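Below: the structure, in structure tokens.
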Amino acid sequence: MTVRSTAGTPDLSSQDPDWWRQAVIYQVYPRSFVDADGDGLGDLRGITQRLTHLAALGVDALWLSPFYPSELADGGYDVDDYRDVDPRLGTLDDFDAMAAEAHRLGLKVIVDLVPNHTSHRHAWFRQALDEGPGSAARDRYVFREGRGEHGELPPTDWQSVFGGGAWQRVPDGQWYLHLFAPQQPDLNWENEQVRADFRTTLRFWCDRGVDGFRVDVAHALVKDLTEPLRDLGAPELSGEAALAEFAPGTHPFYDRDDVHEVYRDWRKIFDTYSPPRTAVAEAWVPGPRRVLYARPDELGQAFNFEYLQAGWDAAELRGVITGSLADARAAGASATWVLSNHDVVRHASRLVLPPDTDTDAWLLSGGRAPAVDEAAGLRRARAATLLMLALPGSAYVYQGEELGLPEVADLPTEVLQDPIWEQTGHVRKGRDGCRVPLPWTTDGPSYGFGAGAAWLPQPSGFGGYSVQAQDGVAGSTLELYRTALRLRRKLLDGESLTWSDDVPAGVLRFDRSATWRCVANLSGTTVDLPAGEVLLSSAPLDDGRLGPDTTVWLGL
Ligand code: GLC
């Protein structure tokens, strides 16, 4: 177990309890951000060194994907110990130094919590294996006898998110549930020790000055474990996409009503701190049910994946935005917006793929079928970003999108690390293409990421996207983000949005308060601009008019 080092007095830069409602939060994928010790993996000291990049960008907070001890069977989402730091990434003292520097720079710190499953290397799971069937240690996980004459068949037909069955057999013949990789056994949230231990973990990080949590797979913790466990009947019913086929709350492992008790319990802990700690649910659940996780007596926010999944289509986006704002309002939460994260194809590539593209097949083709026009992708990504940053609520920005990074779709298969590649029998390449380490300089080994080669190879053109190549360069994507974030801070005034209907087809236009307006042209043609002073534009105007794939902010 871990020993606590002196955490020091947390110095929270802002005491405003609502700081998160319209915040911009930057996601750091620690192993791919900066490698200070030259071992090829990003680390905490690297993050501390480059927090000035985040401060200069103008974000309000950083969210760190897991940095806990881990075998990296799933990029760190397989946690050995929730209250320690992976020695390859640093120590708890390095974490404290990082958090202190972030707070000094006025940045809040959000950490990732992975409560659905541990790593199979976690002390609890090793104990469960040692102590055998019927032991109290096994009850912290979901162990069952198999079916068939000799228990050789899995207890149910449930499928893993990463491909293949969701049960793994152990040498004594029992099976355990893993909704993700076999190295990620699911916890049993009916077990009081599991609940108590996560309370301890929450307090551990809150006491170290952490300002909030991102809750991994928040909708899966509580399962229907009533005997006999039910089969689903078809493999696709194990996926969240099938939730619509079930009456709300009746899927055996996703979005069950009782999961909300867990978050109501956590909220009581968050509210013992000042300002109250915040949280955001990762819950791939349709809109009205998703925002239940964001209710004020629960987590406060839930990622809005409908927005991320929407195509580059004005009518579709308007529908999603209107629905998301209404859902959030009904739940008493603020809306959230995401275009990219560590699990999806980067939006500079995704938004120019034809709408019916099978992204797994596209990745398997090395990004060649269909070919993507990088310049067109970047133009669209910049327009999408200005649209997102004009919306009421908070925006989550993924590291590298401020550089306009495309997906690295042609990673050779021998370097792939995502468990999806092996678990699908080499049918899906997985998510490594959005996790390639950041380019900071135009050349040098790993483009300034570290002193040597990075854990995933960077493509040869990466230096052209680096911070060094864009810093201070008028019109660069980095400068566009910096200007947008600075302006947004000044312009924000309430959470209202009023659509204009009198617009050409394919154009979105809305007013934020009486002082600020956003117009996005998703049509293929150039359109006239309405009245207003141009504050910022995602691409140069065309003789005072708005070209295709361009968003503009207007002062009123
Ligand atoms: C979440 C994470 C993803 C991880 C999975 C299992 O979806 O974002 O990266 O693989 O949970 O923890």
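The values are calculated or read from the model by the stated rules, or taken from the named source; none is laboratory data. Predicted model, so just to flag it, every value in this text is computed and none were measured. Counting neighbours? That spans all protein chains shown, and the Cβs are built from the backbone with ideal geometry, glycine included. Quick note on the areas: whole protein, heavy atoms, side chains included, nothing else; ligands and nucleic acids left out. Shrake-Rupley method; radii C 1.70, N 1.55, O 1.52, S 1.80 Å.
Worth pointing out:
- Fully extending the segment from Ala514 to Asp231 would add 96.4 nm, taking 0.36 nm per residue of separation and subtracting the current Cα-Cα distance.
- Summed over the residues of region 217-271 and divided among them, the accessible surface reaches 44 Å² per residue at a probe radius of 1.4 Å.
- Column: log10 I(q)/I(0), Debye, Cα scatterers of region 430-503, q = 0.14, 0.22 Å⁻¹: -0.64, -0.95
- Taking the C-alpha atoms of region 424-556, convex hull volume expressed per residue in Å³: 190 Å³
- Translational D in µm²/s for region 383-494 (Stokes-Einstein at 25 °C, 0.890 mPa s, Kirkwood Rh from C-alpha pairs): 155 µm²/s
- Seen against the Cα atoms of the chain and their longest principal axis, helix 259-270 is set at about 70 degrees.
- By the rule of a C-alpha distance below 25 Å, with chain neighbours fewer than 8 residues away ignored, the lysines paired with Lys223 are Lys268.
- Sorted peptide list for 96-103, 51-58, criterion being average Cβ within 10 angstrom, highest first: 96-103, 51-58
- Inter-site label distance for Glu261 and Val427 at 7 Å from Cα along Cβ, in nm: 3.7 nm
- 13 Å beta-carbon shell around Val527, net charge (K/R +1, D/E -1): -3
- Degrees separating the helix 314-331 axis from the principal Cα axis of the chain, which is the longest one: 60 degrees
- Between 0 and 90 degrees, the angle of helix 192-207 with respect to the longest Cα principal axis of the chain falls at about 40 degrees.
- Accessible area of region 243-399 belonging to carbon and sulfur atoms, whole % at 1.4 Å probe: 53 percent
- Those residues of region 522-539 whose amide nitrogen sits under 17 Å from the label point placed on Asp313, 7 Å along Cα→Cβ: 522-524
- 20 °C / 1.002 mPa s Stokes-Einstein diffusion coefficient of region 137-275, Kirkwood radius on C-alpha pairs, µm²/s: 130 µm²/s
- Sorted largest first, extent of the chain alpha carbons per principal axis (Å): 76, 50, 48
- Each stretch of four or more DSSP H residues adds -39500 (n - 2.57); spread over every residue of the chain, this sum gives -7000 deg cm²/dmol at 222 nm.
- The protection proxy used here, the mean number of other Cβ atoms lying within 10 Å of each residue, ranks peptides 398-408, 307-317, 253-263 as follows, highest first: 398-408, 253-263, 307-317.
- Given charges at beta-carbon only (K, R positive; D, E negative), |dipole| of region 86-243 in Debye: 300 debye
- Percent carbon-and-sulfur accessible area, region 1-137, ignoring ligands, DNA and RNA, probe 1.4 Å: 49 percent
- Counted by Cβ distance under 12 Å from Gly400, the other residues give a net charge of -1, where Lys and Arg count +1 and Asp and Glu count -1.
- Å² of accessible area per residue within region 3-136, as computed with a 1.4 Å probe and no ligands counted: 33 Å²
- Calculated FRET value between Arg329 and Glu479, using beta carbons and R₀ = 30 Å, to 0.05: 0.30
- Volume in Å³ per residue [convex hull over Cα atoms, computed for region 479-554]: 89 Å³
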